[in-house]
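Undergrad: Submitted below is the structure of interest, expressed as structure tokens.
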Amino acid sequence: MSNRQIHWFEAKQLDRVTNFSTEIEVVKAAIRAGVPMTYYCTFKERKVYFGLDGHIRYLGRFKNRYLKSIEFQLLVVIRNLKLVVSGSNHVIIVNQDLVNHVLPALFINKLFRKGNKFVIDIRTTPTNPDSFQADMKRFHRSFKKAVKYFDGLSFITPFMEKYLMKDYHTKKPTVHWSSGVDIELFDPKRYPKSETDRPFIIFYHGGISESRGNLHLIKACERLVSKGYRIELVQIGICVDSSIPNYISDQKIHTWCKLLPAIPLGEIPQIVSEIDLPVLPFPDFLAWRVSSPIKLMEYLAMGKKVLAPRIEAFTDVFIDRPDLIFYFESGNANQIDELSDKIAEIIDADLLKKVDQQACIDFVSSTYTWDKQANHLIDFCTQL
């Protein structure tokens, strides 16, 4: 095993993240593997360490949002310069927002022939459909510098690499590591399901926005209710579009349409155990096609079969096991009808009774635990 030390920088407010597993579970996996790893980030309101004191470092002290942003960016530059000057066996990982901030350290590293390595890790592309083209131009202004100067490239999915690299020509090493799941936390045996009489519960948790299809899901369920289906829709997370709660209020559908704020990750498994059908209602938009939703892995670990769009983020996962997912066609002109029809089909044909829950659990446990996914990145870094 190489004795390289991994230093991972993200322009992210870790205390604001709905699901922080990507960060903390990777650090835990590195610790279990005996690889020194430190994760650097900023914060919104408070510094939370998740039991990883010494491995998570918040850069900055200011609480004013503007001063905090400036301070964080300066400290990223300074910290990387210190790392390069102090040693030759560091692997420095940054996301696309911090490429320019590490270039001074990178050039000093090359000038003095230090052995430190630089990796860009891309977990997401811009996600706003209205500004996507302009945002992607800005994205590539940073990304092309990483392709030119960095030592390695990391992507969340093979499809993301294919899409982003189509106009670049490089032989630099790459790695893929997708979202994973904590199978000890998301263990259905720990969360018995109650047997009370209740409606059929449709569920979503994560970021809530029109661009993620959440309003379409509400309207699809509204059509089912109008047809007499006894259902309840529960959506949990940070809602960024006021149009969604406004629609619920205007239509007076709050009795069956629940929009709830984000809750601690530890409370999610019990809720998932109680629901019937998890839905990921993403439209056919490139940012979702190249992604790897954590929620998919969590639902599978709980033995739940998901309704999701037929896009690469899902089809590439279930190439050999299409029986473990329900698909809807997100490219159809009327996604509301498509979602409504698919949910109705699942209910009418009682398809959930035919789900092999253990097969769902075994599938994700064999490939998509955080240890397995994080080790792709850790092995890549230690062998650069």
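The values are calculated or read from the model by the stated rules, or taken from the named source; none is laboratory data. Remember, it's a predicted structure, so these values are computed and weren't measured experimentally. Note: ideal-geometry Cβ built from the backbone for every residue, glycine included; neighbour counts use all protein chains shown. Please note that ligands, DNA and RNA were not included when accessible areas were found on the heavy atoms of the full protein model with its side chains. Shrake-Rupley method; radii C 1.70, N 1.55, O 1.52, S 1.80 Å.
Undergrad: Being in contact with a Lys or Arg (Cβ under 7 Å, 6 or more places away or on another chain) and surrounded by 22 or more Cβ atoms within 10 Å (Cβ to Cβ), is that true of even one residue in region 282-303?
TA: Residues of region 282-303 in contact with a Lys or Arg (Cβ under 7 Å, 6 or more places away or on another chain): 282.
Subset that is surrounded by 22 or more Cβ atoms within 10 Å (Cβ to Cβ): 282.
Within region 282-303, one or more residues are in contact with a Lys or Arg (Cβ under 7 Å, 6 or more places away or on another chain) and surrounded by 22 or more Cβ atoms within 10 Å (Cβ to Cβ).
Undergrad: Can you tell me which residue in region 27-55 is nearest to the chain's Cα centre (by Cα), limited to those that are small (Gly, Ala, Ser) and under 23 Å from Ala105 (Cβ atoms)? Walk me through it before giving the result.
TA: So the first thing to find is which residues in region 27-55 are small (Gly, Ala, Ser), and the list is 29-30, 33-34, 51, 54.
Those left that are additionally under 23 Å from Ala105 (Cβ atoms): 30, 54.
On the way: Ala30: 19, Gly54: 24 Å.
Among residues in region 27-55 that are small (Gly, Ala, Ser) and under 23 Å from Ala105 (Cβ atoms), the one nearest to the chain's Cα centre (by Cα) is Ala30.
Undergrad: For region 173-207, enumerate the residues that are closer than 29 Å to Ile120 by Cβ and either out of contact with any helix residue (DSSP H, G or I) (no Cβ under 8 Å at 6 or more places or on another chain) or loosely packed, with under 15 Cβ neighbours inside 10 Å (or both).
TA: Listed by number, the residues that qualify are Pro173, Gly207.
Undergrad: Can you find, within region 311-322, the residue that is least open to solvent (accessible area, probe 1.4 Å) among those that are in a helix (DSSP H, G or I) and touching a Lys or Arg at 6+ places or on another chain (Cβ under 9 Å)? Lay out the reasoning, then the answer.
TA: Taking region 311-322 and keeping what is in a helix (DSSP H, G or I), we get 312-315, 322.
Those still in the list that are touching a Lys or Arg at 6+ places or on another chain (Cβ under 9 Å) too: 312-313.
Numbers: Glu312: 47, Ala313: 7 Å².
Out of the qualifying residues, it is Ala313.
Undergrad: Of the numbered conditions (1) touching a Ser or Thr at 6+ places or on another chain (Cβ under 9 Å); (2) open to solvent by less than 70 Å² (accessible area, probe 1.4 Å); (3) closer than 30 Å to Lys166 by Cβ, Asp97 satisfies every one except a single condition; which is it?
TA: (2)
Undergrad: With Val234, Val181, Val175, Val225 as the choices, which residue is at pLDDT 95 or above, under 22 Å from Phe328 (Cβ atoms) and under 21 Å from the mean Cα position of the chain (by Cα)? Give the derivation first.
TA: Working: Val181 fails: under 22 Å from Phe328 (Cβ atoms); Val175 fails: under 22 Å from Phe328 (Cβ atoms); Val225 fails: under 21 Å from the mean Cα position of the chain (by Cα).
Exactly one of Val234, Val181, Val175, Val225 is at pLDDT 95 or above, under 22 Å from Phe328 (Cβ atoms) and under 21 Å from the mean Cα position of the chain (by Cα), namely Val234.
Undergrad: Output the residue which, of all residues in region 364-374 that are open to solvent by less than 50 Å² (accessible area, probe 1.4 Å) and part of a helix (DSSP H, G or I), is farthest from Ala29 (Cα to Cα). Can you show your working first?
TA: Quick first cut of region 364-374, residues open to solvent by less than 50 Å² (accessible area, probe 1.4 Å) only: 364-365, 368-370, 373-374.
When the remaining residues are screened for being part of a helix (DSSP H, G or I), the result is 364-365, 370, 373-374.
Working: Val364: 17, Ser365: 15, Trp370: 7, Gln373: 9, Ala374: 6 Å.
Filtering region 364-374 for residues that are open to solvent by less than 50 Å² (accessible area, probe 1.4 Å) and part of a helix (DSSP H, G or I), the one farthest from Ala29 (Cα to Cα) comes out as Val364.
Undergrad: Output the residue which, of all residues in region 264-281 that are touching a strand residue (DSSP E or B) at 6+ places or on another chain (Cβ under 8 Å) and open to solvent by less than 20 Å² (accessible area, probe 1.4 Å), is nearest to Val48 (Cα to Cα). Write out each step before concluding.
TA: Kept after step one, since they are touching a strand residue (DSSP E or B) at 6+ places or on another chain (Cβ under 8 Å), are these residues of region 264-281: 268, 271-272, 274-281.
In the following step, the residues that additionally are open to solvent by less than 20 Å² (accessible area, probe 1.4 Å) were identified as 268, 272, 275, 277-281.
Working: Ile268: 19, Val272: 25, Ile275: 30, Leu277: 32, Pro278: 29, Val279: 30, Leu280: 29, Pro281: 31 Å.
Among those residues, the one meeting the criterion is Ile268.
Undergrad: Please specify each residue of region 252-266 satisfying the condition of being in a loop (DSSP other than H, G, I, E, B) and touching an Asp or Glu at 6+ places or on another chain (Cβ under 8 Å).
TA: Initial filter on region 252-266 (in a loop (DSSP other than H, G, I, E, B)): 252-256, 261-264.
Ile253, Trp256 - these are the residues of region 252-266 that are in a loop (DSSP other than H, G, I, E, B) and touching an Asp or Glu at 6+ places or on another chain (Cβ under 8 Å).
Undergrad: Let me ask something additional. Among the listed residues Phe155, Phe150, identify the single one that is open to solvent by less than 10 Å² (accessible area, probe 1.4 Å), over 18 Å from the mean Cα position of the chain (by Cα) and either polar (S, T, N, Q) or at pLDDT 95 or above (or both).
TA: Values: Phe155 fails: over 18 Å from the mean Cα position of the chain (by Cα).
Unique residue meeting the criteria: Phe150.
Undergrad: Can I ask one more? Would you mention how many residues in region 364-382 are in contact with a helix residue (DSSP H, G or I) (Cβ under 6 Å, 6 or more places away or on another chain) and among the charged types (D, E, K, R)?
TA: The number of residues fulfilling the criteria is 1.
Undergrad: If we scan region 39-46, do we find a residue that is under 26 Å from Met297 (Cα atoms) and open to solvent by 10 Å² or more (accessible area, probe 1.4 Å)?
TA: no
Undergrad: Restricting attention to region 11-26, which residues are of a type outside the set (Gly, Ala, Ser) and under 14 Å from the mean Cα position of the chain (by Cα)? Walk me through how you get there before you give the answer.
TA: Within region 11-26, the subset of a type outside the set (Gly, Ala, Ser) is 12-20, 22-26.
Once the filter is applied, which keeps residues that are of a type outside the set (Gly, Ala, Ser) and under 14 Å from the mean Cα position of the chain (by Cα), region 11-26 yields Lys12, Leu14, Arg16, Val17, Thr18, Asn19, Phe20, Thr22, Glu23, Ile24, Glu25, Val26.
Undergrad: Go through (1) open to solvent by less than 10 Å² (accessible area, probe 1.4 Å); (2) touching a strand residue (DSSP E or B) at 6+ places or on another chain (Cβ under 6 Å); (3) among the aliphatic types (A, V, I, L, M) and name the single condition Leu259 misses.
TA: (1)
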